[in-house]
1. On C-alpha positions alone, give me the angle between the axis of helix 353-366 and the longest principal axis of the chain, in degrees, nearest 10.
2. Compute the acute angle (0 to 90°) between the alpha-carbon long axis of helix 411-429 and the principal axis of greatest extent of the alpha-carbon atoms of the chain; round to the nearest 10°.
3. Compute the long axis of helix 143-157 from its Cα atoms, compare it with the longest principal axis of the Cα atoms of the chain, and write down the angle in degrees, 0 to 90, nearest 10.
4. Going by average Cβ neighbours within 10 Å, how do the peptides 191-202, 74-85 rank, with the highest at the top?
5. For Lys163, which aspartates and glutamates qualify as cross-link partners when the Cα separation must be under 18 Å and same-chain residues fewer than eight apart are set aside?
6. Could you work out the Kirkwood radius for the chain, taking every pair of different alpha carbons, averaging 1/r and inverting it, reported in Å?
7. Leaving out same-chain residues fewer than 8 places away, which lysines sit with a Cα under 17 Å from that of Lys188?
8. Could you point to the residue in Met108, Gly211, Val152 farthest towards the positive end of the chain's charge dipole, with +1 and -1 charges on the Cβ of Lys/Arg and Asp/Glu respectively?
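No value in this document is a laboratory result; all are computed from the given coordinates. All values reported here derive from a predicted model rather than from experimental measurement. Here the Cβ is made from the backbone with ideal geometry for all residues, glycine too, and neighbour counts use every protein chain on show.
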Amino acid sequence: MVNGMKLEDLLMEIEAKKGELVELTRRLIQIPSENKPPMGYEKEAQEYWAEKQRELGLTVDLFTPDEVPDITQHPAYLKGRIYEDRPNVVSKLKGCGGGKSIILTGHMDTSPKEPLPWGIHGPFGGDLEDGKIYGRGGFDMKGGLAASYMAVKAIVDAGIRLKGDVYLESVVDEEYGGANGTLACRLKGYEADAAILTECSCLAICPATRGDKNWKITLKGTPGMPYTGELPTNPVYGMAKIIQALRNYEEIRNEKTRRHPLYVEDPNPLPVLIKKLKAGEVEPHGALGIPIDCWLLVGPQVYPGTSEEEFDREFFSFMEAVVNTDPELRRNPPTYESMFRYVEPTEIDRNHPIVKQVEKAFTLVTGKPAVVKGAPFPCDAFIFNKYSKTPVLVFGPGGANAHAPDEYVYVEDLLTLTKTLAASIVEWCETA
């Protein structure tokens, strides 16, 4: 019983609010909040989000990351970002005391709407079709934010009084290795007994996330056309060899690296993702000729427990061997530039009480055993586990096409997520 109401009745109330959940997710998608470093454009969405919390009777705190004292001196602060008109939003449903507290956290910023074109569904339409909500950020991760809000709203609307405090947190600047928004919340003192990050985990409960580091690898060329008989250096040929080597690197790592227990079933647990590639003038009227340079952006991912020093040592040892065994690359070696930050891998114990709590709630809601595994992506979860007292797990909805055209999130997953969060909250925080 929950304040005289059966938990099953609360879940039925959430089922009845399905339409409201869908419309809230659509509305969030319809307010663009693209991150385009060093700037971001989350203000309108965050102000809308703050007003929704106020309507629910929650206390609301809006603050930009750079308003937090001494944040720029923190070792985890990523320099070079601009935070004018980019507020975090943290709201609180205060408990009456004696119960455990929880933070439901997520990021409002999204990747840009590019690459274009999108299909029949535009990036900011929030179109609903065949049980999917389309638009930039629906999957990553406005659907998760909407589910968190609706879980708390269902509890408030039902008149359920909790012992522990519940925080709803929406941060800016998570994309592109950001994490300063999440860091600002921790440094401002927002802590709890546990946190749930509703990133897009396809309803898997994830006590661990991978890490990554992005490198820009550049080869220089002899630009122009060889009209006088010279023998120019074309960097594209050398880069083709590096690309093949990076593909081999992925295979070698997956074959030889001892698998982390939470990634045993992952078909590609240590991906090496080539994310960008450029050579020559890409504008339609750019000069035709051998490119002045060719570069790519690659982001190898790593298991929890891997330090940045260990990763750098492995990566450069491999690349040094590639260069030293190829005459062309020895004559024209690549340069390397670290981009963004080392997004650290992180994990909490597989048997941590918050993991067990969400597992129990998921089974109650669905009648199925929960899938517990490592998240197949890096994110800002490491800020919680390394720089605060609040342990965090990742648990969010399913969908597809994150950072790509025609991104979408499943409506039924949002509903399951909302119910599971609500059931977790009332048991974790306890009722008065």
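1. Tilt of helix 353-366: around 70 degrees.
2. Taking Cα atoms only, the helix is inclined about 60 degrees.
3. On a 0 to 90 degree scale, this one is about 10.
4. Result, highest mean Cβ count within 10 Å first: 191-202, 74-85.
5. Glu191, Asp193, Glu427, Glu430
6. 23.0 Å
7. Lys92, Lys386, Lys389
8. Gly211
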